Amino acid sequence: MKKIAILLSGVILSQAVTMDELFEGLKQQYITKIDNINAKKAIISEQKVKSNYYPKIDLFGSYTHYNSPTGLKPIDPIETAKLTKNDDALPFSQNIEKIGIKLSIPIFMKELSSLSQKAKFLAKNAKLKKRLNFYENEAVIVAQNASLEYLNNLLIALNKTKESLMITRKELEIAVNSGRKAGISIDKIDEKLNSLDISINNINIKKESLIANIENLTGIELKNSVSMIQISDIKKDEIFALKPLKEVLNASNMDYQASKEKRYYPKVAFNMMWSENYTSDTINNKNDNEGYGYYQIALTMPLFDKSNDMDIQLKKIKLLKDKLKFQKTKHSLTIEAKKLQKELEYLDLSKKLSLKNIENRKKLLKYAKIAFEEGRMTEEDYLIYEDKLLQARANYYEVIAQHWQNLAKLAVIYGNNLKGIIK
């Protein structure tokens, strides 16, 4: 009873984890958190471009020593005449301290609009890429779990073959002891059993690799594969996997437009400065201070800058390259989606045919065992029937694994969250 209880508890533990828990675990892992950070970074980059519309305000202060007396501020001829008439000293000094404020406000910068659009498209790309990466990682979990389930079922099939061979071995042992069979008959069975043990051991190694991969993605260590049930069909509205690339293409177009606008459009800005200039070392040996400032409307028009012309050419080449990449990916994904859909239809038929094949080979093995026991079939031919049944079972489990893997890939292409499709 104690052994049965332990076995039952092991089954319960292996079934405790669900696909929903694996998908939720994915959200908490580093790979998803990095995508979240990248999406936030793209949003901040968009805000950074928009910040160029805001005024820039700076406080400044300085202490300057000149090698000859210098004016605290520029003085026009009228003010010079007034100071001279009143016998006032002009504010000159070798040591001048300044404290003030600067203000600059962009009024017209044509490329800012295009750069803002570029940043907006890149932010959308980061959000879409984050979703796509999450769907791709979900698909990896499903594919790895399907492979794990395939290996588990293959182990079951190998153990069934092993059990069948052990029964045959016991019967052969009786026949050998009674002199009806040669001892080499048991050796052949033992060789086959050893081969099966090697296969079982290799499968266990592969299982550990799959379990580690799933744990790396979800943070959950599995003891066995998680059961999967399809609860809904894939929605095939549009190819979602193209959306991030579309935003990259839009961003490249805006980047190209911005480079042309920077080259051919003027810039207009409002600038202002005010400073208080101090000195305690005037030519009259007295403290003095003067306020000085200006405001201006500044216009700059690019006339010739070879580097800007080269930049336009480079941005144009990048735009053409992104267009070709988008078209190529669209073509590839359209063909891949059609292929996967057709394969799923064939796989459904393959499952039915494989099950039928298993039943037929079970019957053939049963007849082969009888023929072998009666001496109408060689041991080598009998073992071929054992292999054929094992292969039939392996083919069936492989078809099931391929079904889940194709379904997961198709879900990624159309942007379906597998949590709503597989339970």
Residue in the stretch 128-135 that is at pLDDT below 95 and in contact with a Gly (Cβ under 6 Å, 6 or more places away or on another chain) present: no
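Has the stretch 379-395 got any residue that is within 30 Å of residue 142 (Cα to Cα), among the aromatic types (Phe, Trp, Tyr) and in a helix (DSSP H, G or I)? Break it down into steps so the answer makes sense when it comes.
Quick first cut of the stretch 379-395, residues within 30 Å of residue 142 (Cα to Cα) only: 387-395.
From what's left, among the aromatic types (Phe, Trp, Tyr): none.
Taking every residue of the stretch 379-395 in turn, none turns out to be within 30 Å of residue 142 (Cα to Cα), among the aromatic types (Phe, Trp, Tyr) and in a helix (DSSP H, G or I).
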Residues of the stretch 47-62 satisfying the condition of being aromatic (Phe, Trp, Tyr) and more than 24 Å from residue 123 (Cβ to Cβ): 60
Of residues in the stretch 61-88 being surrounded by 10 or more Cβ atoms within 10 Å (Cβ to Cβ) and acidic (Asp, Glu), the one modelled with the highest pLDDT: 79
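Which one of 238, 261, 247 is charged (D, E, K, R) and within 17 Å of the chain's Cα centre (by Cα)?
Values: 238 fails: within 17 Å of the chain's Cα centre (by Cα); 261 fails: within 17 Å of the chain's Cα centre (by Cα).
Exactly one residue qualifies, and that residue is 247.
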Flag if residue 222 is surrounded by 13 or more Cβ atoms within 10 Å (Cβ to Cβ) and not in a helix (DSSP H, G or I): yes
Residue among 301, 310 that is farther than 26 Å from residue 107 by Cβ, more than 25 Å from the chain's Cα centre (by Cα) and without any contact (Cβ under 8 Å) to a residue 40 or more places away in the chain: 310
Enumeration of residues in the stretch 193-214 that are within 17 Å of residue 140 (Cβ to Cβ) and surrounded by 16 or more Cβ atoms within 10 Å (Cβ to Cβ): 207, 210, 211, 213, 214
Residue under evaluation residue 304, criteria (1) assigned to a helix (DSSP H, G or I); (2) loosely packed, with under 11 Cβ neighbours inside 10 Å, criterion not met: (1)
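Output the residues belonging to the stretch 308-327 that are among the polar types (S, T, N, Q) and either touching a Cys at 6+ places or on another chain (Cβ under 7 Å) or over 12 Å from residue 245 (Cα atoms) (or both).
Step one: filter the stretch 308-327 for residues among the polar types (S, T, N, Q), giving 308, 313, 327.
If the condition is that a residue be among the polar types (S, T, N, Q) and either touching a Cys at 6+ places or on another chain (Cβ under 7 Å) or over 12 Å from residue 245 (Cα atoms) (or both), then 308, 313 are the ones that fit.
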Selection status of residue 290, surrounded by 12 or more Cβ atoms within 10 Å (Cβ to Cβ) and assigned to a helix (DSSP H, G or I): no
Residues being in a strand (DSSP E or B) and of a type in the set (A, V, I, L, M) - total across the stretch 108-125: 1
Of residues in the stretch 139-192 being modelled with pLDDT of 90 or more, in contact with a Ser or Thr (Cβ under 7 Å, 6 or more places away or on another chain) and farther than 18 Å from residue 385 by Cα, the one surrounded by the fewest Cβ atoms within 10 Å (Cβ to Cβ): 152
Which listed residue, of 356, 362, is closer than 17 Å to residue 156 by Cα and surrounded by fewer than 20 Cβ atoms within 10 Å (Cβ to Cβ): 362
Residue list for the stretch 1-60, filter: at pLDDT 85 or above and outside any helix (DSSP H, G or I): 17, 18, 28, 29, 54, 55, 56, 57, 58, 59, 60
Condition check for residue 105: modelled with pLDDT of 90 or more, assigned to a strand (DSSP E or B) and β-branched (Val, Ile, Thr): yes
Only one of 352, 369 that is under 30 Å from residue 171 (Cβ atoms) and either basic (Lys, Arg) or in contact (Cβ under 8 Å) with a residue 60 or more places away in the chain (or both): 369
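Can we say residue 248 is among the aliphatic types (A, V, I, L, M) and either in a loop (DSSP other than H, G, I, E, B) or surrounded by fewer than 17 Cβ atoms within 10 Å (Cβ to Cβ) (or both)? Step through it out loud before you land on a result.
Details: among the aliphatic types (A, V, I, L, M): yes; either in a loop (DSSP other than H, G, I, E, B) or surrounded by fewer than 17 Cβ atoms within 10 Å (Cβ to Cβ) (or both): no.
No; evaluated as a whole, the condition is false for this residue.
The values are calculated or read from the model by the stated rules, or taken from the named source; none is laboratory data. All values reported here derive from a predicted model rather than from experimental measurement. Backbone-built Cβ (ideal geometry, glycine too); neighbour counts: all protein chains shown.
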